[in-house]
Amino acid sequence: MIKFSLRCIQGHAFESWFQSGPAFDGLRERGLVTCPSCGSSEVSKALMAPSVSPARKAPTPEMREKLAALRAEIEANTDYVGERFAEEARAMYLGDIPDRPIHGEARLEDAKALLEDGIPVLPLPFLPSRKAN
């Protein structure tokens, strides 16, 4: 559904909902869209401002506290491997190096390749602090 701001030949402004833009065009061409003020079927779309979604809500203090605690736990109990994350994760999976908990950074295509190869990785809900352990 789409809402259009409309204007008739007499200058009356009104709004109406339609299934789609082409649906509006078809109804208007058949004279089925009329002005509620004067009944004129000479109706056109008026200039409209786009509908913009509001920005995301800021995290609540409770959510910030939980994220900070999660970050502290991850950083205290894993090794930061930086941009070597994909390489290290793959090497551990293949048994080339000993398993250990790690976190780091990976390009999107490298992370996708790990997942496609069955290597279990998860994105973090925060950016790493970039401290090598």
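All of the numbers you see were taken from the coordinates with simple rules; none came from a lab. All values reported here derive from a predicted model rather than from experimental measurement. For neighbour counting, all protein chains shown are included, and Cβ atoms are generated from backbone atoms with ideal geometry for every residue, glycine included.
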Checklist outcome for this item: Mean separation of Cα contacts under 8 Å (at least 6 apart) over the residue count of the chain, i.e. the relative contact order in percent, is 18
Next on the checklist: Charges on Cβ only, +1 for Lys and Arg, -1 for Asp and Glu, centred on the Cα centroid of the stretch 13-113; of ALA72, GLY21, SER37, which one is farthest towards the dipole's positive end?
Outcome noted: SER37
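Whole number please: convex hull volume per residue of the Cα set in the stretch 61-116, in Å³?
Convex hull volume per residue, Cα atoms: 92 Å³.
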Checklist entry - How big is the stretch 2-45 by the Kirkwood estimate over distinct Cα pairs, in Å? => result 10.2
Checklist entry - On full extension of the chain, what length is gained from LEU70 through ALA91, given 0.36 nm per residue of separation minus the C-alpha to C-alpha distance? => result 5.0 nm
Checklist entry - Quick one: Debye curve from the C-alpha atoms of the chain, no solvent, what's log10 I(q)/I(0) at q = 0.12 Å⁻¹? => result -0.64
Checklist outcome for this item: Asserting the computed 222 nm helical MRE of the chain (DSSP H runs at least 4 long, -39500 (n - 2.57) per run, divided by residue count, to nearest 500) equals -10500 deg cm²/dmol
